[in-house]
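The values are calculated or read from the model by the stated rules, or taken from the named source; none is laboratory data. Here the structure is a predicted model, which is why all the values come from computation and not from measurement. Methodologically, a virtual Cβ is constructed for each residue, glycine included, from the backbone with ideal geometry; neighbour enumeration extends over all protein chains shown. When the accessible area is computed, the model is the full protein with side chains, heavy atoms only, and any ligands, DNA or RNA have been set aside. Shrake-Rupley method; radii C 1.70, N 1.55, O 1.52, S 1.80 Å.
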Amino acid sequence: MVEPSKAACYEPNAVPLCPFTFVLHGAAGDLAKRKIIPALGHLAATGYFSSDSVLVFAQREALSASECLAEVDAFLARAGDDSARQAIAALKPYLKTVQLSLGGPTAKADLAAALQGCPPLVVHYAALPSSRFTDLLDCLDECRDPERLRLVLEKPLGFNASESAVIEKAVEAKLDESQVYRIDHYLGKQAVQNLLALRLGNRIFEPLLTREHVAHVQITVAEDLGVEDRAGFYEQAGALRDMVQSHMLQLLATVAMEPPVSLEANSLRDEKLKVLRSLRVPKVSSPAEIVVGQYAEGYVRGQPVPAYRHEKGVAEDSNTETYVSFCTEVQTWRWAGVPFLLRTGKRMPKRFAEIVIQFRDVPKPLFEPVGGMWSGNKLIIQLQPDDKLELQLLAKTPGERERLRPVSLDLDFFNTWRIPVRDAYERLLTDILRGRLGLFLRRDEVQAQWHFVDQIMGNLHQLGVSPAPYTSGTFGPPAATAMALRAGAFWSEDGL
């Protein structure tokens with residue numbers, strides 16, 4: 001019997017989407033080539049596209065459809081992504097291109113001409129720097145009908161609350177909130193959606209996710225890569241704006257929110273918003289509840305790597321943080337007093353992302369723990385490199401002694417369902433084209449996230465806190481370990 005492949009065609013009974021026009025702005029960019037175009041290719045190859053749908057790749061250069069796909073293929077070949085290379089060939093029957101210089105005097109007319117005769121539902125996907133969002137909006141006519149026009153905005157929406165407000169004001173002038181899809185691809189991950197299912201579809205877990213039963217919650221997004229070729233962006237953003245402002249705060253809100261009255265988009269987003277507005281800003285002064293760091297030279301996977309300040313495009317005296325960890329609290333009746341520990345960084349030992357919910361110990365331990373330390377029960381939601389859930393229980397070891405050690409109940413989605421798990425962008429793209437807003441951010445969520453991050457940035461700047469150096473290939477500055485210990489926690493290394 002042939003084992004199913006994770007690259008296999010896994011939607012044999014896919015329901016085709018209604019005819020659409022999908023305009024990808026920034027089609028020549030890395031994000032488009034690495035994520036969005038391959039996701040579109042997989043959807044086309046697995047039967048989602050109706051025959052009269054149209055893809056429009058908009059970019060500054062005048063390239064034919066064949067030339068565009070050849071460039072994407074070369075990019076994916078360098079990345080070693082053979083599955084994506086096979087999938088993008090399925091886009092050719094749907095693809096047309098337009099040379100478009102956003103902000104230029106003819107941009108609006110050029111875009112309108114390219115859309116002549118296309119299906120009336122038009123989705124504009126802005127895979128662009130946020131500084132170009134208003135230029136794109138200038139090309140759009142005012143339209144309040146989500147069945148005619150939808151707009152997708154990649155994060156970050158600006159680099160602070162005031163820049164975000166300018167973008168949102170321009171959006172509000174042209175579109176209704178129901179037409180705007182602010183994308184955070186972490187929300188498209190199968191494990192995040194199963195976290196909701198675990199909480200809201202199983203009676204045994206929801207009553208335990210309270211301050212009475214949970215000792216602390218950890219959220220880690222670790223990367224083994226450095227800044228690579230993103231120095232221009234990263235010098236503006238840093239870890240706080242790039243990872244915390246959207247990805248990590250959205251994960252926190254998903255863990256901590258109250259059960260919504262329904263799975264309708266605004267019911268979900270209302271509950272997440274309450275969490276985001278209840279977050280306590282971590283203290284910067286001693287004892288600090290936040291640690292920022294910047295990677296120095298070291299070894300990752302046995303290979304020497306340079307310090308951040310020696311990367312191409314990075315200033316020699318850069319104070320941009322490549323690592324941040326902090327302790328906060330969700331100040332609600334459910335969670336008051338429970339530490340929420342968040343951590344993200346570049347040049348860490350391995351790429352992994354996970355949520356760890358550590359439950360409290362039993363009131364009176366009767367058994368002897370193996371190794372002399374209790375590890376307690378944990379619920380681990382792994383987001384990358386693979387999507388899976390793990391529940392750690394304590395079980396008696398064989399033999400006469402009454403000793404306990406952790407054992408795991410695992411749910412690996414691929415091995416359980418025997419079909420590959422859809423890429424997050426594939427799930428989000430189908431939701432956009434079907435008009436489902438539940439996995440996308442609402443304007444007030446983005447504002448609340450920027451309000452939280454801006455306060456942290458302001459406090460760090462006011463006290464003159466600079467990033468502490470940490471050796472590449474480690475889990476960040478030693479001060480992060482001390483901060484976690486003050487909260488009664490050890491950082492999880494389950495990703496290793």
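Overview of results
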| item | result |
| --- | --- |
| Gyration tensor (alpha-carbon) shape descriptor, the range 436-476, a/c threshold 1.5 | oblate |
| Aspartates and glutamates with Cα under 12 Å of Lys96, excluding same-chain neighbours fewer than 8 positions away | Glu67 |
| Prolate/oblate/rounded label for the range 14-153 (Cα gyration tensor, a/c 1.5) | oblate |
| Contour excess over end-to-end distance, with Cα ends at Glu147 and Asp317 and 0.36 nm allotted per residue | 56.2 nm |
| For the range 209-220, Karplus couplings with θ = phi - 60° (6.51, -1.76, 1.60), whole Hz, Gly/Pro x | 8, 9, 4, 5, 10, 9, 7, 6, 10, 10, 10, 10 |
| Cross-link reach list, lysines versus Lys169, counting only Cα pairs under 27 Å and skipping chain neighbours closer than eight places | Lys108, Lys155, Lys272, Lys274 |
| Cα-based shape type of the range 161-280, given that a ≥ b ≥ c are square roots of the gyration tensor eigenvalues and the cut on a/c is 1.5 | oblate |
| Label point distance in nm, Ser267-Leu31, each placed 7 Å from Cα along Cα→Cβ | 3.1 |
| Placed amide H near His216: partners under 5 Å, 5+ positions off or other chain | Gln358 |
| Ellipticity estimate at 222 nm from DSSP helix runs (n ≥ 4, -39,500 (n - 2.57)) divided over the chain, nearest 500 | -9000 deg cm²/dmol |
| Residue-level accessible surface for Arg309, protein heavy atoms, 1.4 Å, Å² | 90 |
| Low-density loop positions, GluC sites (Glu not before Pro), the range 288-397 - DSSP coil, at most 10 other Cβ in 10 Å | Glu316 |
| Other-chain or far-sequence residues with amide H under 5 Å of Gln294's (modelled H) | Thr322, Ala468, Tyr470 |
| Per-residue HN-Hα couplings for the range 327-332 [Karplus 6.51, -1.76, 1.60; θ = phi - 60°; Hz; x = Gly/Pro] | 10, 10, 9, 8, 8, 10 |
| Accessible surface of the chain, 1.4 Å probe, proportion on carbon and sulfur as whole % | 53 |
| Relative contact order (%) - criterion: Cα under 8 Å, at least six apart; region: the chain | 18 |
| Probe 1.4 Å, accessible area per residue of the chain, Å² | 45 |
